[in-house]
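The values are calculated or read from the model by the stated rules, or taken from the named source; none is laboratory data. On a predicted model such as this, the values are computed, not experimentally measured, just so you know. Quick reminder, even Gly has a Cβ in these numbers, built from the backbone with ideal geometry, and neighbours come from all protein chains shown. To get the accessible areas, we keep the full protein, side chains included, count just its heavy atoms, and leave off ligands, DNA and RNA. Shrake-Rupley method; radii C 1.70, N 1.55, O 1.52, S 1.80 Å.
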Amino acid sequence: MSGVRAAARVGRQRPAPAAERAWSADPYADALRAGRGPLFLRRADGWLLPLDVERWCAEADAADLEVLRRCEGAVLDVGCGPGRLVAALGVRGRRALGVDVSEAAVAHTVRRGGQALLRSVFDPLPGTGRWGTALLLDGNLGIGGDPSALLARLARLLAPGGLLVAETVPRPDVDERALVQVTDARRTPGAPFPWARLGTPALLRYAEGAGWRADDQWSMDGRSFVALRAR
């Protein structure tokens, strides 16, 4: 895919909304540089969701590798973070591109030998309509706080019959949309932005309504995954 080869360029298509500013702010960038937390998403009621920075900054683990084994064609990693999946795909000779709104994440991915763009999944992207697989791991189903809009966008990015692999919340009853803030629990949290959390049943409901076909679902090492096929 020609767009992948040129993808190390850093570009932005529109002004950064609150979510993009939050993921580019010091707490997240500092955690990626250190390779560890603590780092959380904070809900308005004070509830904290721990973010697994250590796992994100490590090498791909067994659960990740099982996801990568299922990938087809060129792979778009949405919200690639520090790039462990993009790097692992590259080592295996697979064409892969990460997209992320965090400058620190994109820089980390490139240092690992991967290709990444500083861009939102809702911005114009190379290879639209031709990607074989899209990945939404590490909570990235939450992007934008609107699962239906995110699924519709990914359907446009994938080739007909393309594969989406999404990681869901291990608790099946979760179907939540809320305003959250990125925080390290020491400094003042950043600006609030919309986020979503979905268990597998909720994702399957949204997917059916958006015209996706369920392809598979599995759990490994305490994590749960769903594979969807674009119609």
Review point. Hey, does segment 146-163 have a residue that's modelled with pLDDT under 95, open to solvent by 60 Å² or more (accessible area, probe 1.4 Å), charged (D, E, K, R) and farther than 21 Å from Arg84 by Cα?
Key: no
Study note, to complete from the structure: How many residues of segment 30-56 are surrounded by fewer than 18 Cβ atoms within 10 Å (Cβ to Cβ) and assigned to a helix (DSSP H, G or I)? The answer is 5
Review point. Within segment 97-144, restricting attention to residues that are of a type in the set (Asp, Glu) and more than 9 Å from the chain's Cα centre (by Cα), which residue is modelled with the highest pLDDT?
Key: Asp123
Check your understanding: Does Leu137 satisfy being of a type outside the set (Val, Ile, Thr) and within 27 Å of Asp26 (Cβ to Cβ)?
Key -> yes
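How many residues are within 25 Å of Phe193 (Cβ to Cβ) and open to solvent by less than 10 Å² (accessible area, probe 1.4 Å) if we restrict to segment 126-140?
4
Considering only segment 68-85, how many residues are surrounded by fewer than 23 Cβ atoms within 10 Å (Cβ to Cβ) and in a helix (DSSP H, G or I)?
Result for segment 68-85: 2.
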Revision key, fill the gap. Of the residues in segment 168-186, those that are under 17 Å from the mean Cα position of the chain (by Cα) and surrounded by fewer than 14 Cβ atoms within 10 Å (Cβ to Cβ) number 1
**Study point:** Filter result (touching a residue at least 60 places away in the same chain (Cβ under 8 Å) and polar (S, T, N, Q)) within segment 132-186
**Key:** Thr133, Asn140, Ser148, Gln181, Thr183
Study note, to complete from the structure: When segment 86-125 is checked residue by residue, the ones that are among the acidic types (Asp, Glu) and open to solvent by less than 20 Å² (accessible area, probe 1.4 Å) are Asp100, Asp123
Exercise for review: Scan (1) in contact with a helix residue (DSSP H, G or I) (Cβ under 8 Å, 6 or more places away or on another chain); (2) under 22 Å from Tyr206 (Cβ atoms) for the single condition Asn140 breaks and write down its number.
Suggested key: (1)
Exercise for review: Determine which single condition Ala63 fails, assuming it passes every other condition in (1) farther than 21 Å from Arg186 by Cα; (2) open to solvent by 60 Å² or more (accessible area, probe 1.4 Å); (3) in contact with a strand residue (DSSP E or B) (Cβ under 8 Å, 6 or more places away or on another chain).
Suggested key: (2)
Review point. When you scan segment 187-204, how many residues do you find that are open to solvent by 40 Å² or more (accessible area, probe 1.4 Å), farther than 13 Å from Leu141 by Cα and touching a residue at least 12 places away in the same chain (Cβ under 8 Å)?
Key: 5
Point to revise | Among (1) under 22 Å from Ala166 (Cβ atoms); (2) at pLDDT 90 or above; (3) in contact with a Gly (Cβ under 7 Å, 6 or more places away or on another chain), the one test that Leu49 misses | key: (3)
Practice item. Scan segment 57-67 for residues that are hydrophobic (A, V, I, L, M, F, W, C), under 13 Å from Arg92 (Cβ atoms) and part of a helix (DSSP H, G or I) and jot them down. Key: Leu65, Val67
